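The values are calculated or read from the model by the stated rules, or taken from the named source; none is laboratory data. Treat the numbers as computed from the prediction; the structure is a model and nothing was measured. We place every Cβ from the backbone using ideal geometry, glycine too, and count neighbours over all the protein chains shown. Surface areas here come from the heavy atoms of the whole protein model, side chains and all, with no ligands, DNA or RNA. Shrake-Rupley method; radii C 1.70, N 1.55, O 1.52, S 1.80 Å.
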Amino acid sequence: MFTKEEMDAVYKAIYTRRDVRSFLPNPVPQESIDKIVQAGHNAPSVGFMQPWNFIMITSKDVKEQLAWAADKERRALAIHYEGEKESKFLSLKVEGLKEAPITICVTCDPTRGGSHVLGRNSIPETDVLSTACAIQNMWLAATAEGLALGWVSFYKKADIRDILEIPPHIDPIALLSIGYTDKYPDKPLLELADWEKRRPLDDLIFQNKWGEKK
Ligand SMILES: Cc1cc2nc3c(=O)[nH]c(=O)nc-3n(C[C@H](O)[C@H](O)[C@H](O)COP(=O)(O)O)c2cc1C
């Protein structure tokens, strides 16, 4: 049983968690990093396959290479937008890889546990979904530790595999930049930038059948 205070703390982590892209250079205590990774490792996973690995990146040189890969992708993605939307897209900050004192690359190994992982035979992408559960645990743990975390997915997997020497069958799912910040947003940055807003929850809930409203 959770006490009222414990329940409030869980919801506080859920509602105050934000994607952050600006970091201070202040070092992050190793103890906090250990707790964040431990929280990731305690996530649910299909057939308990635990498909994740965590690559801890603190080298300035490696961070610069990752930032190069992310920036290359950002510029390539700009072709999806035109005119005002394109300039707005290019003005968005989508990563803080060079600034953050540490970035963790979370990977997914689809071969872990052999070819018949319980439950994964039906929906193969449950390995990636399990890895996303680990990432969300890490995000909430970072929030509770008073740290900021930014999920970077703007990259070509091949670039990240080359830079981090990841074998070809392993998927780099996310780059998580972690650090302290003095720019912690109270709303999603994309909402503050007028790019997107939270949809009304009522519109997303159906009764018994797809599309059926109360
Ligand atoms: C799978 C996934 C990939 C994401 N990739 C990026 C990214 O490459 N760059 C970025 O700035 N934010 C990225 N984000 C963060 C989202 O933009 C952010 O979660 C969303 O705008 C809502 O804001 P909030 O996390 O502060 O609630 C990603 C989030 C998820 C879940």
- Relative packing of 35-48, 54-67, which averages over residues the other C-beta atoms within 10 Å, highest first: 35-48, 54-67
- For each pair in 12/187; 12/157; 72/183; 60/156; 88/183; 93/197, compute the distance between the two Cα atoms and list the pairs where it is over 22 Å. 12/157; 72/183
- Note on segment 23-182: contact order normalised by length, alpha-carbon pairs under 8 Å, 6 or more apart, percent, works out to 40
- Run the accessible area of the chain with a 1.4 Å probe and give the carbon-and-sulfur part as a rounded percent. 56
- Note on the structure: Toy charge model, Lys and Arg Cβ at +1, Asp and Glu Cβ at -1: segment 23-182 dipole around Cα centroid in debye, rounded to 20, equals 160
- Item | 17 Å Cα-Cα reach of residue 63 towards aspartates and glutamates, excluding residues that sit fewer than 8 places from it in its own chain | 71, 73, 95, 99, 159, 162, 165
